[in-house]
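Q: Sharing a structure here in structure tokens format.
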Amino acid sequence: MHLVFFGPPGAGKGTQAQRIVADFGIPQISTGDILRAAVANGTTLGKQAGPLMAAGKLVPDELVIGIVEERLKEPDCKKGFLLDGFPRTIPQAQSLEVVLQKQDKRIEHVVSLEVADEVIQERMKGRGRADDSPETVQKRLDEFRKLTAPLKAYYQERGLLRTINGVGSLDEIYASIKQSIGR
Ligand code: AMP
């Protein structure tokens, strides 16, 4: 099973992704988590990405594409994977397609969690992460609408987009996700 979780920051991708991981035994690959670890460890990647992340901006495509390409070579991805927070731009989606083609794989479902901006601002108040100040959250939402939202049409055209209402109980949302991926 090869999945992409798509949606604005704070849509609940990470939480729902963990349920998929538990149910289906495929790894969750979160570029945000990988980048935060790089920042915490003070690596070269972390030093490049840190200031952009703190400003609510996207990290350059080449950096994240490299991360994902390496990660997908790991043996735990053989059975499938769930990409969480990647791709976030059209060039990232195109590179992903090329990388997967080399391995004779392709994305089967792009699960889009739909949540209104106001609801996200409210949710993020409680999260308390360094990149979660209201100003940064707004910048990240702006980046999402500008650079990431166009991916919906990209995946819609390919017949892969599954649109889910991201507001409701965790169980309800998870049930809709499973239904949308035919499980
Ligand atoms: P996330 O936890 O997925 O919301 O990611 C946190 C931050 O990491 C984002 O605001 C971006 O600065 C950066 N980031 C994560 N994934 C990507 C990506 N696919 N492309 C560019 N930047 C990313």
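Q: Looking at the P(r) of the stretch 2-180, how many percent of alpha-carbon pairs lie beyond 26 Å? Before the final figure, lay out the partial values.
A: Values: 4198 of 15931 pairs.
Percentage above 26 Å: 26.
Q: Regarding the stretch 104-167, what whole-number volume in Å³ per residue does the convex hull of its Cα atoms give? Mind dumping the intermediate values first?
A: Values: hull volume 7.3 nm³, N = 64.
Normalising the Cα hull of the stretch 104-167 by residue number yields 114 Å³.
Q: Okay, next question. Give the Cα extents of the stretch 58-140 along the principal axes, in whole Å, largest first.
A: On the principal axes, the stretch 58-140 reaches 42, 24, 23 Å in Cα extent.
Q: Per residue of the chain, what 222 nm ellipticity follows from adding -39500 (n - 2.57) for every DSSP H run with n ≥ 4, rounded to the nearest 500? Each step should come with its number before you reach the end.
A: Working: 9 runs with 97 residues, N = 183.
Value at 222 nm, helices only: -16000 deg cm²/dmol.
Q: What residue among 83, 141, 45 shows peak mean-square fluctuation when the chain is described by a Gaussian network model with Cα springs under 10 Å?
A: Checking each option, the largest mean-square fluctuation is seen for 45.
Q: Return P(r) of the stretch 21-100 (all Cα-Cα pairs; 10 Å bins starting at 0; whole %; ordered from short to long distances).
A: 17, 50, 29, 4
No value in this document is a laboratory result; all are computed from the given coordinates. Worth saying up front: this structure is predicted, and the values here are computed from it rather than measured.
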